[in-house]
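**Q** The following block contains the structure, expressed as structure tokens.
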Amino acid sequence: MSRIIIATPARLAVERRLVLQILGIGSLAAMGLAPGLVPRAQAAEQSLAWPKNAFAQKNETAALDALYEKPIVVPSDKVSLDVPEIAENGAVVPVSVSAALPNVTAIALLIPENPFTLAAYYPIPEGTEPSVSCRLKMAKTSDVVAVVEADGKHYGARKQVKVTLGGCGG
Amino acid sequence: MKVAIAAIGRRAAAGGILLLALVLPPASAEQRIDPAADQRAFQTYFRQAFPDVALDDFANGPYAVDKDMRKQWEEIMQFPPYDFALEDGKKLFETPFKDGKTYADCFPQKGIGIRQNYPYFDRQTGEVVTLDLAINRCREKNGEKPLPYQVGDMAAIDAYMASTSRGKPFAIEIPDDARALAAYEEGKQFFYERRGQLNFSCASCHVQAAGKRLRGDILAPALGILASFPIYRSDWGSMGTVDRRFISCNEQVRSVAFKPEDELYRDLEYFLSYMSNGVAIAGPGTRP
Amino acid sequence: MASTIRVRAVAHGESTEVQSLIQHPMDSGFVKDKDGKLIPPHYIETVTFDWNGKRVFTAFWGPAVSKDPYLKFSFKGGKKGDALKINWSDNEGKSDETTATIL
């Protein structure tokens, strides 16, 4: 299995998606690519697999690499991340992300201080708003990191959520 | 007495002078137990302590007094985690017993829209009857086994019955009956009495430290504190009744808790509910 | 048995907003039970939403998603009366499915 080294990973991914769309190929497996590859182009497809490798990673870089092939994540104020300052309960932390960017293809939520960094991953199909709300568990005070993929590039936002020892738990 | 005032703290002392009168035991057996006066003092204290909180909002506990908490609560309330229990509760409430009767046959108004009247004082039996006690008495009357308190089906039925009373203000009655007044007084004394290894009373947290932090948590004011029960606590990952909370709170101050529906807990619920007359029922609720 | 999936899908003009709550323990595998034994991980891995034959949303979850997981998203399309199919599957191979009507 070879990669075209000349292009940057982002551009490679965009080109790969265009090629796939033009050829109308259902999945990359049909192209005989090794199953270990996690091509971003899969986001365009119907049959997606749970990214097992990414969910098994224990740090931010490794998790992002497993999802996006060594992305360069640029902090962007176009990614809105809404989280509480102090979690009322670390077991249920409401998190909302939205991206004011065109052609968003995926949103990832990571919690670096959790035992496994990747919390949730949302491939965004065309026609679906690049916005999602969910509730996450945080083991302790940590940043919550949102990484949005749009047009093959990656944009991020991070905010710290304090998780304290409750006094009223029992 | 001076030491006690100093220990209570400035804000509490200012409005709390009124409450001090409640803490002092009656001078003689003839001293009138005056729940109405207590209630006025209680509500005045909290309205003054939290002037920006509307009366009904006190039902929301910590969410009424902390912005960051409130925002998280509003997000969670978009789709409340008690939804499953609420649906179960409706089914349980409507399912007939083996003898063909239902809960509707035991309760006034078929059990709909009555939660705000509980607990009440039963003059025939001379005891405080809570909703949970009434639910189990209904079951036993119809040949069914009583439900375990605190959790599960009991909490689910509570959730449904509370939901039918949403918006109806607490309307607890204390009849002019020495036994009812005594039960009320027992509940009041329990509330202000220190207990456990940590030597806290309910008031230590929910009066003196209301709106303040206990480690990472914000303490709910005692006014309206039962109006959102039963509650889904994220901490429990499940529903819990008033009993569950009384027991867990007592255990948290390292006191030996009483059994659910113990006379003292019923008296405490009677006192707390009466103090909250006028606050609309908002249950079931969610909490951290 | 009642479905584990609760959905509220509301059409607003050209878009539909979807909120869902799924009953599931989402055990992370890090919590111990009363006897001190670790409760094994048991969590939803994938949730899919289909409208009109189109996959309008996919959620890939790990054990850090809260118990009784909630989700909110919006997609272009959908009108009152349309069907929205939701399916989840977890790491133990269990799954559930429901079809909701867009309001």
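Read-outs: derived from the displayed coordinates by stated rules, not from any lab. Here the structure is a predicted model, which means the values were calculated and not measured. Every residue, glycine among them, receives a Cβ derived from its backbone with ideal geometry; neighbour counts consider all protein chains shown.
**Q** Specify the angular offset, from 0 to 90 degrees and rounded to the nearest 10, of the alpha carbon long axis of helix B:131-141 from the longest principal axis of the alpha carbons in chain B.
**A** Between helix and principal axis, roughly 30 degrees.
**Q** Moving to a separate point now. Kindly list the residues of the range A:112-126 that lie in the label zone of A:Ala139, defined by a backbone N under 14 Å from the point 7 Å along the Cα-to-C-beta vector.
**A** A:112-119
**Q** Under the √(5λ) rule applied to the eigenvalues of the Cα gyration tensor, what semi-axes describe the equivalent ellipsoid of the range B:83-163? Give them in Å, descending.
**A** Those come to 19, 15, 12 Å.
**Q** OK, next. Gain in length, C:Asp82 to C:Gln23, computed as 0.36 nm per residue apart minus the alpha-carbon separation, to one decimal in nm?
**A** 18.9 nm
**Q** Still on this structure: Please give me the summed charge of the neighbours of A:Thr117: other residues whose Cβ is under 10 Å from its Cβ, Lys and Arg +1, Asp and Glu -1.
**A** Once all neighbours under 10 Å are counted, the net charge is -1.
**Q** Assuming R0 = 60 Å, what is the FRET efficiency of B:Arg32 and C:Leu103, from their Cβ-Cβ distance, to the nearest 0.05?
**A** 0.60
**Q** How do B:252-265, A:97-110 rank on mean C-beta neighbours within 10 Å, highest first?
**A** Packing order, densest peptide first, comes out as A:97-110, B:252-265.
**Q** Given points 7 Å out from each Cα along the Cα-Cβ axis, report the B:Arg179 to B:Glu87 separation in nanometres with one decimal.
**A** 4.4
**Q** Rounding to the nearest 10 and keeping the result within 0 to 90°, find how far the Cα-based axis of helix B:35-49 lies from the longest principal axis of chain B.
**A** Tilt of helix B:35-49: around 70 degrees.
**Q** Let me ask you something else. Stokes-Einstein at 20 °C, 1.002 mPa s, Kirkwood radius from Cα pairs: D for the protein assembly as shown in µm² s⁻¹?
**A** 82
**Q** Which one of B:Pro230, B:Met275, C:Ile44 has its Cα pushed farthest toward the positive end of the charge dipole of the protein assembly as shown, where Lys and Arg give +1 and Asp and Glu give -1 at the Cβ?
**A** C:Ile44
**Q** Further question on the same structure: When all alpha-carbon pairs of the range C:1-86 are counted, what percent fall beyond 17 Å?
**A** When every Cα pair of the range C:1-86 is considered, 53 percent fall beyond 17 Å.
**Q** What average number of partner chain Cβ atoms lie no more than 10 Å from the Cβ of the residues making up A:113-124?
**A** Counting other chains' Cβ atoms within 10 Å and averaging over A:113-124 gives 5.
**Q** While we're on this one: Please compute the modelled spin-label separation between A:Gln160 and B:Lys212, points set 7 Å along Cα→Cβ, answer in nm with one decimal.
**A** It works out to 2.6 nm between the two label points.
**Q** Need one number for chain B: average projected area of the convex hull over its C-alpha atoms, nm².
**A** 15.0
**Q** Which of the lysines could a cross-linker bridge to C:Lys80, judged by Cα under 16 Å and excluding same-chain residues fewer than eight apart?
**A** Of all the lysines, none pass the test against C:Lys80 - Cα under 16 Å, at least 8 places apart if same chain.
**Q** Could I ask something else about it? Within a 10 angstrom radius of each residue's Cβ in B:66-76, how many Cβ atoms of other chains show up on average? Whole number is fine.
**A** Going residue by residue through B:66-76 and averaging, the value is 5.
**Q** Starting from 0.36 nm per residue, how many nanometres of slack lie between A:Glu69 and A:Ala100 once their C-alpha separation is accounted for?
**A** Full extension of this stretch gives 8.8 nm more.
**Q** Considering only Cα-Cα distances, which of the following residue pairs are longer than 30 Å: B:Lys168/B:Lys188; B:Lys188/C:Lys34; A:Lys140/C:Lys72; B:Lys67/B:Lys168; A:Lys58/A:Lys78; A:Lys52/B:Lys91?
**A** From the list (B:Lys168/B:Lys188; B:Lys188/C:Lys34; A:Lys140/C:Lys72; B:Lys67/B:Lys168; A:Lys58/A:Lys78; A:Lys52/B:Lys91), the Cα-Cα distance tops 30 Å for B:Lys188/C:Lys34; A:Lys52/B:Lys91.
**Q** Okay, helix-only estimate at 222 nm for chain B: each DSSP H run of n ≥ 4 adds -39500 (n - 2.57), divide by all residues, round to 500 deg cm²/dmol; what do you get?
**A** Calculated at 222 nm, the ellipticity per residue is -13500 deg cm²/dmol.
**Q** Return the subset of A:Lys137/C:Lys54; C:Lys54/C:Lys79; A:Lys162/C:Lys32; A:Lys137/B:Lys259 for which the Cα-Cα distance in this structure is over 26 Å, preserving the input order.
**A** Cα-Cα > 26 Å for A:Lys137/C:Lys54; A:Lys137/B:Lys259; rest within.
**Q** Per residue of C:48-57, what is the mean number of Cβ atoms on other protein chains within 10 angstrom of that residue's Cβ?
**A** Per-residue shielding by partner chains comes out at 3.
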